[in-house]
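Worksheet: the structure to be examined is printed underneath.
Only the coordinates and a few stated rules stand behind these numbers; no lab work does. What you are looking at is a predicted structure, and each value in this text was computed from that prediction instead of being measured. We place every Cβ from the backbone using ideal geometry, glycine too, and count neighbours over all the protein chains shown.
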Amino acid sequence: MAEIKLNIQEGEPSSFDVYDEDGKVGEMIFDINGADLTVYHTEVDPSKEGKGYAKLLLDAMVAYVRENKLMVIPMCPYVHIQFKRHEDLYRDIWNKINEE
């Protein structure tokens with residue numbers, strides 16, 4: 001069973017980390033500036049791909065953003081693709097200020 005832990009760092013990027021029975025197997029790197037949470041990178045250990053861990057990280061980030069009334073700037077390709085693919089699910093938290 002996977003578990004997500006929030007790792008807030010002062011003055012450097014923070015992360016949502018996913019753990020399973022083997023330890024840390026993935027992370028989503030982000031920064032919070034004012035009311036914006038910028039997601040930079042999502043990575044899951046190649047041996048753990050296909051288990052839904054990236055989606056667990058995405059869901060944890062989205063829940064955190066909604067709970068804290070933030071907006072998301074999806075610089076991470078994975079998050080950006082998910083936001084574009086399921087815009088109706090994320091419209092309320094998608095800061096499109098940097099969109100072309």
>> Out of the residues in segment 85-100 meeting the condition of being free of Cβ contacts under 8 Å to residues at least 24 places away in the same chain and closer than 16 Å to Tyr40 by Cα, tell me which one is surrounded by the fewest Cβ atoms within 10 Å (Cβ to Cβ).
In response: Glu99
> Which of the residues belonging to segment 34-59 are among the aliphatic types (A, V, I, L, M) and touching a Lys or Arg at 6+ places or on another chain (Cβ under 9 Å)?
Replying inline: Ala35, Val44
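Pick from Val65, Val44: which is of a type in the set (Val, Ile, Thr), surrounded by 12 or more Cβ atoms within 10 Å (Cβ to Cβ) and under 22 Å from Leu89 (Cα atoms)?
On the way: Val44 fails: under 22 Å from Leu89 (Cα atoms).
Testing whether each residue is of a type in the set (Val, Ile, Thr), surrounded by 12 or more Cβ atoms within 10 Å (Cβ to Cβ) and under 22 Å from Leu89 (Cα atoms) leaves just Val65.
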> Which pairs do you get when a residue that is closer than 13 Å to Tyr53 by Cβ, found in segment 21-39, comes within reach of a residue that is assigned to a strand (DSSP E or B) and polar (S, T, N, Q), reach meaning Cβ atoms under 9 angstrom, with the pair 6+ apart or on two chains?
Replying inline: Gly26/Thr42; Glu27/Asn7; Glu27/Ser15; Glu27/Thr42; Met28/Ser15; Met28/Thr42
>> I'm trying to understand the selection: among the residues of segment 42-100, which are closer than 27 Å to Met1 by Cα, of a type in the set (Asp, Glu) and assigned to a helix (DSSP H, G or I)?
In response: Asp59, Glu67
> Would a scan of segment 17-30 turn up a residue that is closer than 19 Å to Ile97 by Cα and not polar (S, T, N, Q)?
Replying inline: yes
> For segment 7-41, how many residues are surrounded by 12 or more Cβ atoms within 10 Å (Cβ to Cβ) and in a strand (DSSP E or B)?
Replying inline: 23
